[in-house]
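Student: Below is the structure I would like to discuss, written out as structure tokens.
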Amino acid sequence: MPENRVTDQPYGTYSVYSVLKTGLWVTCPRCGGMGLVTRGDGPYHFRCTRCGHARTKELSGYRFRVQNQCPSCGRYYNITIQDRRQQTFPVLRVTCPYCGFAAPGRVEQTGKQVWYGEGGDLRQGQDPVFGFDLWFLTSFGGRPVWALNREHLAYLIGYLSAGLREKPAGRFGLRTEADTLPGFMKTAKNRDRLVRRLKELQKK
Ligand SMILES: [Zn+2]
Ligand SMILES: [Zn+2]
């Protein structure tokens, strides 16, 4: 029987949404120290634990975008509309990221709190509110790998280095945290090196 056995966590345990309650660990843009992004009932806050730099941001919880097929090069693209005023326009002229051709497109509001979904919302490992690099951010084979806080990092290391992984009790068939991990992180041949990389992050 494998000595190193781990029980996976229920899906959402380490989502941005849940971690924001205690703090999403990010890198301070001013001093490079560790800061926390949190949210109470209202706006989001950032505060650096080293230099005290602080920011506040109010977010609607909605995202706005224009989806187009470029009339010039034929490719599909998706432009996020950040500007509050532009978000109220029914139609907006946007520029194709591939060829630079400007074309009008319908401004769409996407689902509420899409932010809090998995993976993609963190882009290349930045927090979805202020866009700061996560504190626990590294790369593996050219792909970004991150943890949302120290507890999440410990979970990843424990999960990936375990000899046997089990679903949480009573959650059979339901989604778990590990289901949200990209395939390359779970591939057996990558695991040892990935765990070493993550353990380096633990020293921060
Ligand atoms: Zn700072
Ligand atoms: Zn184009």
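Student: Considering only segment 15-30, state which residues are open to solvent by 30 Å² or more (accessible area, probe 1.4 Å) and in contact with a His (Cβ under 7 Å, 6 or more places away or on another chain).
Tutor: Hit for segment 15-30 is Arg30, nothing else.
Student: For the subset of segment 167-204 comprising residues that are outside any loop (DSSP other than H, G, I, E, B) and within 11 Å of Pro10 (Cα to Cα), which member is nearest to the chain's Cα centre (by Cα)?
Tutor: That would be Thr180.
Student: Restricting to segment 9-63, count the residues that are in a loop (DSSP other than H, G, I, E, B) and away from ligand 1 (no atom under 16 Å from the Cβ).
Tutor: 18
Student: What number of residues within segment 67-79 satisfy the criterion of being outside any loop (DSSP other than H, G, I, E, B) and either within 16 Å of ligand 1 (Cβ to nearest atom) or open to solvent by less than 70 Å² (accessible area, probe 1.4 Å) (or both)? Working first, answer last.
Tutor: Keep residues of segment 67-79 that are outside any loop (DSSP other than H, G, I, E, B), which gives 67-69, 76-79.
With the extra rule that they be either within 16 Å of ligand 1 (Cβ to nearest atom) or open to solvent by less than 70 Å² (accessible area, probe 1.4 Å) (or both), the set shrinks to 68, 77, 79.
The number of residues fulfilling the criteria is 3.
Rundown of residues vs (1) on the phi > 0 side of the Ramachandran plot; (2) modelled with pLDDT of 90 or more; (3) under 17 Å from the mean Cα position of the chain (by Cα), yes/no style:
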| position | (1), (2), (3) |
| --- | --- |
| Glu108 | no, no, no |
| Gly120 | no, no, yes |
| Trp135 | no, yes, yes |
| Ser139 | no, yes, yes |
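Student: Name the residue that is farthest from ligand 2 (Cβ to nearest atom), counting only residues in segment 80-105 that are open to solvent by less than 90 Å² (accessible area, probe 1.4 Å) and closer than 28 Å to Leu36 by Cα.
Tutor: The extreme case among them is Asp83.
Student: I want to confirm something. Restricting to segment 31-59 and keeping residues that are of a type in the set (Ser, Thr, Tyr) and open to solvent by 30 Å² or more (accessible area, probe 1.4 Å), which single residue is modelled with the highest pLDDT?
Tutor: By that ranking, first place goes to Thr49.
Student: How about segment 173-196: which of its residues are closer than 15 Å to Ser161 by Cβ and either among the hydroxyl-bearing types (Ser, Thr, Tyr) or exposed (fewer than 15 other Cβ atoms within 10 Å of the Cβ) (or both)?
Tutor: Once the filter is applied, which keeps residues that are closer than 15 Å to Ser161 by Cβ and either among the hydroxyl-bearing types (Ser, Thr, Tyr) or exposed (fewer than 15 other Cβ atoms within 10 Å of the Cβ) (or both), segment 173-196 yields Thr187, Ala188, Lys189, Asp192, Arg193, Arg196.
The values are calculated or read from the model by the stated rules, or taken from the named source; none is laboratory data. Please read these numbers as outputs of a predicted model, since none were measured by experiment. Backbone-built Cβ (ideal geometry, glycine too); neighbour counts: all protein chains shown. Areas reflect the complete protein model, heavy atoms only, side chains present, ligands, DNA and RNA absent. Shrake-Rupley method; radii C 1.70, N 1.55, O 1.52, S 1.80 Å.
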